Amino acid sequence: MSDLRDPAPYDALLLLSFGGPEGPDDVLPFLQNVTRGRGIPTERLEEVGQHYFLFGGVSPINDQNRALLDALRKDFADHALDLPVYWGNRNWAPYLTDTLREMTEAGHRRVAVFVTSAYASYSGCRQYRENLADAIAVLESEGLRPPRVDKLRHYFNHPGFVRPMTEGVLASLAELPEEARAGAHLAFTTHSVPTSAADSSGPEDEHGDGGAYVRQHLEVARLVADAVRDETGVEHPWQLVYQSRSGAPHIPWLEPDICDHLEELHRAGAPAAVMVPIGFVSDHMEILYDLDTEATAKAAELGLPVRRSATVGADPRFAAAVRDLLLERAAAERGIDAERCVLGSLGASHDRCPVGCCPARVSRPAAAGADSPRG
């Protein structure tokens, strides 16, 4: 058993996330970071920025990452896992390149990377790998020798991710009016992406009609819905829906949108709904605005009772799941066949992204994959 609690060959863990503004003056520069290279006019960014200004120009994501960082360090300490945990972001401070430079200067040579995105997709996986490759290239240009980075596998079907969400649904159902509770529909939400990006998500053999992105979300929705049924004895109707579309109108994106779905539920006579944001690790801006503000206002307009269930955030079971992912990968790197903790029928995801997995529109170097120069 001691071999399975050994983090070697890793000497550090990097928590890698999206980042967000922490004050009104940060909003426009942050959005410019997010959209760099896409040619989006400043006027459009200022329009999107109004969502942030409704909340004082502050996204909750950085504070939520600080809470997760604390939870990870506590979990590691409680389980005698002597491994430092660092945090870096794609789009705001602490920036990934700065954090990786700090890790390099501290002497770390092999780093496991946990990304706050549970599913296969270009924006949720390969783009983070591209960010890692970019950061490594910057450090090498400075004459430094960055550590090898290994991205931990997708964890959408890990019980430490699924079970806290199930409890969130149960709590939300309990908050609904009693007369509407049994007939409530579950609307499982995730970020909409272009259908072309969804179709090419995951390894090449999983491409087509939604790809791994849709398949994995449907699996989580089914797991949560089944667990709710087992707990309550009630079979709640459910559907996977989408939110936060941001692309040009002429480009097909995944549908239906959550607000359109709420209108359809109302027309069909549904007594209530619970919005379940399975696509998100924490309650960041796209939860606060798109669900808690916009979709909740739509439900009020319709007279449809609605609740929004919690994301996993810094739940101790989620922190324990990260430890599981780290130790199973460490064991595999040492040639030990460790048990993979998963629920459902899809099994554990690959450790190293294969060639052709979640391809970019324009090919760019990406770290931590089978097509990466450093492995």
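The values are calculated or read from the model by the stated rules, or taken from the named source; none is laboratory data. Nothing here was measured: the structure is a model prediction, and the numbers come from that model. Glycine also receives a Cβ, built like all others from the backbone with ideal geometry; neighbour counts cover every protein chain displayed. Calculation scope for accessible area: heavy atoms of the full protein, side chains included, ligands and nucleic acids excluded. Shrake-Rupley method; radii C 1.70, N 1.55, O 1.52, S 1.80 Å.
Find which of Ala212, Cys353, Ala272 sits farthest along the positive direction of the dipole of the chain, computed with +1 on the beta-carbon of Lys and Arg, -1 on that of Asp and Glu, about the Cα centre.
About the Cα centre, the residue reaching furthest to the positive side is Cys353.
Given a cut-off of under 8 Å on Cα pairs at least six residues apart, what relative contact order in percent is computed for region 1-123?
The value is 45 percent.
Distance between Cα centroids, region 109-178 to region 80-98: provide it in whole Å.
Between the Cα centre of region 109-178 and that of region 80-98, the gap is 12 Å.
Provide the packing ranking of 109-115, 336-342, i.e. peptides ordered by the mean count of other C-beta atoms within 10 Å per residue, highest first.
109-115, 336-342
Could you please report the charge total around Glu206, scoring K, R as +1 and D, E as -1 over all other residues with beta-carbon less than 11 angstrom from its beta-carbon?
-3
List the residues, sorted by chain then number, that are 5 or more residues from Ala272 or on another chain and whose placed amide H is less than 5 Å from its amide H.
Those lying under 5 Å, H to H, from Ala272 are His185.
Skipping prolines and chain starts, which residues have an amide H placed within reach, meaning under 5 Å, of the one on Val113, given they are 5 or more residues away or on another chain?
The list, which skips near neighbours in sequence, is Leu14, Asp150, Lys151, Leu152.
Just need the relative contact order of region 100-228 here, percent rounded to a whole number, with Cα pairs under 8 Å and 6+ apart.
28 percent
Taking all protein chains in place and a 1.4 Å probe, what share, in percent, of the accessible surface of region 23-130 do carbon and sulfur account for?
Whole-percent figure for carbon plus sulfur exposure: 51.
Could you tell me which of Gln243, Val228, Thr189 has its Cα farthest along the dipole of region 180-321 towards the positive end, charges placed at Cβ (Lys, Arg +1; Asp, Glu -1), taken about the Cα centre?
Val228
Please list 117-123, 50-56 highest first by mean number of surrounding beta-carbon atoms within 10 Å per residue.
117-123, 50-56
Work out the length of the dipole vector of region 320-375 about its Cα centre, built from +1 on the beta-carbon of each Lys and Arg and -1 on the beta-carbon of each Asp and Glu, and round it to the nearest 20 debye.
300 debye
Please list, ordered by chain and number, the residues whose modelled amide H lies under 5 Å from the amide H of Cys353; skip anything fewer than 5 residues away on the same chain.
Close amide H contacts, sequence-distant or interchain: Ala370.
Go through region 310-315 residue by residue and turn each phi into a ³J(HN,Hα) via Karplus (6.51, -1.76, 1.60, θ = phi - 60°); whole Hz please, and just put x for glycine and proline.
So the Karplus estimates, Gly and Pro as x, are 7, 7, 6, x, 10, 3 Hz.
When the Karplus curve 6.51 cos²θ - 1.76 cosθ + 1.60 is applied with θ = phi - 60°, which whole-Hz ³J(HN,Hα) does each residue of region 31-44 get, with x for Gly and Pro?
Rounded to whole hertz, the list is 5, 5, 4, 4, 9, 3, x, 9, x, 7, x, 4, 4, 5.
What is the local net charge at Glu130, summed over the other residues whose Cβ is closer than 10 Å to its Cβ (Lys, Arg +1; Asp, Glu -1)?
+3
Which FRET efficiency value, to the nearest 0.05, do you get for Glu142 and Asp351 by plugging their Cβ-Cβ distance into 1/(1 + (r/R0)^6) with R0 = 45 Å?
0.95
Mind ordering 36-45, 223-232, 76-85 by average Cβ neighbours within 10 Å, highest first?
223-232, 76-85, 36-45
Can you tally the net charge around Asp82? Count Lys and Arg as +1, Asp and Glu as -1, for every other residue whose Cβ sits under 14 Å from the Cβ of Asp82.
Result for the neighbourhood of Asp82: 0.
What value, in deg cm²/dmol to 500, does the helix sum -39500 (n - 2.57) over DSSP H runs of n ≥ 4 give at 222 nm once divided by the residues of the chain?
-12500 deg cm²/dmol
Leaving out ligands and nucleic acids, and using a 1.4 Å probe, what accessible area per residue does region 72-141 come to in Å²?
That works out to 36 Å² for each residue.
About its Cα centre, how strong a charge dipole does region 1-127 have in debye, to the nearest 20, once Lys and Arg get +1 and Asp and Glu get -1 at the Cβ?
440 debye
Using Cα pairs under 8 angstrom and six or more residues apart, how large is the relative contact order of the chain, in percent?
24 percent
Which listed residue (Phe318, Ala120, Ala295) has the Cα farthest towards the positive end of the charge dipole for the chain, taking +1 on Lys and Arg C-beta and -1 on Asp and Glu C-beta about the Cα centre?
Among Phe318, Ala120, Ala295, the one farthest towards the positive end of the dipole of the chain is Ala120.
What list of ³J(HN,Hα) couplings, whole Hz, do you get for region 160-171 from phi and the Karplus terms 6.51, -1.76, 1.60, once you set θ to phi - 60° and write x for glycine and proline?
Values, residue by residue: x, 9, 6, 5, x, 5, 4, 5, x, 5, 4, 5 Hz.
State to the nearest 20 debye the size of the charge dipole of the chain about its Cα centre, where the only charges are +1 on K and R beta carbons and -1 on D and E beta carbons.
It works out to roughly 860 debye.
Got a sec? Which residues in region 70-85 would a label at Arg110 touch, if it sits 7 Å along Cα→Cβ and we count backbone N under 16 Å?
Output list for this probe position: 82-84.
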